[in-house]
Amino acid sequence: MVTALLVVDVQNGLMAEQPYQVSLFLETVAQTIKQARTRQTEVIYVRHHDDDLPMGSREWKIHDSVAPQANELVIDKAYNSAFKETGLRAYLASKGVERLIIVGMATDYCIDTTVKVAFEMGYEVAVVEHGTTTFGTSDIPANILIDYYETIWHDRFAQVLPLERLFN
């Protein structure tokens, strides 16, 4: 089964705002990318743009610790879904991709939407356990949000698995 790794919204502007356990998150993303490259799984970056992350700005750029290689695709998006008006679905179809592994930011927005849209499109979806991060709200701490979404996704929309089990 052809698999691709989606690295969603790991951008300078978002990392500078210090989402939950940002250092551990960046290390997990970097390790996931390393595993994908070692296994010759295509790594695709998805990058958000809006008023806070204007195209071309330093904030909009992908964080250096997980930066794409010259041959890796970067898709720009303006919505929570990595698929809406991006051409991602057509690209994945052209490569015969059937399974997506997803890491990135923000658990409760872009990751949740992308996981559910990918599921509805028929992809087999896997999310790296603790491979997403977000910001807490005044009512709900970030770690609770992350655990909540991982529980909802697992065995419904995706498999939420530790990195060691993803590429087996």
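Quick notes
- Scope the range 55-69; condition out of contact with any Gly (no Cβ under 9 Å at 6 or more places or on another chain) and outside any strand (DSSP E or B); matching residues: Met55, Gly56, His63, Asp64, Ser65, Val66, Ala67, Pro68, Gln69
- For the range 1-22, filtered to residues that are in a loop (DSSP other than H, G, I, E, B) and at pLDDT 95 or above, the residue that is nearest to Arg89 (Cα to Cα) is Val2.
- Filtered residue count, the range 98-126, keeping only those that are of a type in the set (A, V, I, L, M, F, W, C), surrounded by fewer than 20 Cβ atoms within 10 Å (Cβ to Cβ) and touching a strand residue (DSSP E or B) at 6+ places or on another chain (Cβ under 8 Å): 1
The rows are residues; the columns are (1) over 28 Å from Ile144 (Cα atoms); (2) within 13 Å of the chain's Cα centre (by Cα); (3) crowded, with 18+ Cβ neighbours inside 10 Å; (4) of a type in the set (D, E, K, R).
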{"site": "Val10", "(1), (2), (3), (4)": "no, yes, yes, no"}
{"site": "Ala16", "(1), (2), (3), (4)": "no, no, no, no"}
{"site": "Glu42", "(1), (2), (3), (4)": "yes, no, yes, yes"}
{"site": "Gly56", "(1), (2), (3), (4)": "yes, no, no, no"}
{"site": "Glu59", "(1), (2), (3), (4)": "no, no, no, yes"}
{"site": "Lys77", "(1), (2), (3), (4)": "no, yes, yes, yes"}
{"site": "Ala93", "(1), (2), (3), (4)": "yes, no, no, no"}
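- Some residue of the range 23-32 being part of a strand (DSSP E or B), surrounded by fewer than 19 Cβ atoms within 10 Å (Cβ to Cβ) and modelled with pLDDT of 95 or more: no
- Each residue in the range 145-168 was checked for being surrounded by fewer than 16 Cβ atoms within 10 Å (Cβ to Cβ), part of a helix (DSSP H, G or I) and not acidic (Asp, Glu), and 4 pass.
- Residue in the range 85-114 that is nearest to Thr41 (Cα to Cα), counting only those that are in contact (Cβ under 8 Å) with a residue 24 or more places away in the chain and in a loop (DSSP other than H, G, I, E, B): Val97
- Residue that is nearest to the chain's Cα centre (by Cα), among those in the range 119-144 that are part of a helix (DSSP H, G or I) and without any contact (Cβ under 8 Å) to a residue 40 or more places away in the chain: Phe119
- Selection of the range 33-54 for residues being touching a residue at least 40 places away in the same chain (Cβ under 8 Å), touching a strand residue (DSSP E or B) at 6+ places or on another chain (Cβ under 7 Å) and part of a loop (DSSP other than H, G, I, E, B) yields Thr41, Leu53.
The values are calculated or read from the model by the stated rules, or taken from the named source; none is laboratory data. All figures in this text were calculated on a predicted structure; none of them were measured in a lab. Every residue, glycine as well, gets a Cβ built from its backbone with ideal geometry; the counts of neighbours run over all protein chains shown.
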